[in-house]
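Below is one structure; the comments refer to it alone.
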Amino acid sequence: MKVAVGYLDDADGSILVAAGDPDADWARNLEADPHCVVTIADRTVPCLAAPVGAEIAAAAIRDLILRYGTPAERLGAGPVFRLVPTPAVAGLPASDVG
């Protein structure tokens, strides 16, 4: 299933995402199985999701609100994840990674 989620590119090449709802299906799915595939524009990348600590979560939520505006104010109620690109995830060949 595809889900549109606001994101931030982190300096280390990972992607930060945050759920505004603690029961968001996509966030619960990442907690159950951290393997995912991210598509941004014309680039599709297999990733492995990992929850982040409080300090990184707070900075990500702040930056997401600044990027997307006040509709993002619910952020912080749900988990924040770092999506780390990895060609071995989701069965995609390395040639498919941006």
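The values are calculated or read from the model by the stated rules, or taken from the named source; none is laboratory data. Note that the coordinates shown come from a computational prediction; the quantities given were computed from them, not determined experimentally. Cβ atoms come from the backbone with ideal geometry, glycine included; neighbour counts cover every protein chain shown.
Against the test of being surrounded by 15 or more Cβ atoms within 10 Å (Cβ to Cβ) and over 19 Å from TYR68 (Cα atoms), the options VAL5, VAL52, VAL17 yield a single qualifying residue, VAL52. Looking at the range 70-95 only, could you name the residues that are at pLDDT below 80, exposed (fewer than 15 other Cβ atoms within 10 Å of the Cβ) and assigned to a loop (DSSP other than H, G, I, E, B)? Matches in the range 70-95: PRO87, ALA88, PRO93.
Which members of the range 21-33 meet the condition of being out of contact with any Pro (no Cβ under 9 Å at 6 or more places or on another chain) and either at positive phi or touching a residue at least 40 places away in the same chain (Cβ under 8 Å) (or both)? ASP21, ASP23, listed by residue number.
Within the range 39-53, residues that are closer than 10 Å to ARG82 by Cβ and in contact (Cβ under 8 Å) with a residue 24 or more places away in the chain have Cβ atoms under 7 Å from residues that are of a type in the set (Ser, Thr, Tyr) and surrounded by 14 or more Cβ atoms within 10 Å (Cβ to Cβ) in these pairs: CYS47/THR86; LEU48/THR86, counting only partners at least 6 apart in sequence or on another chain.
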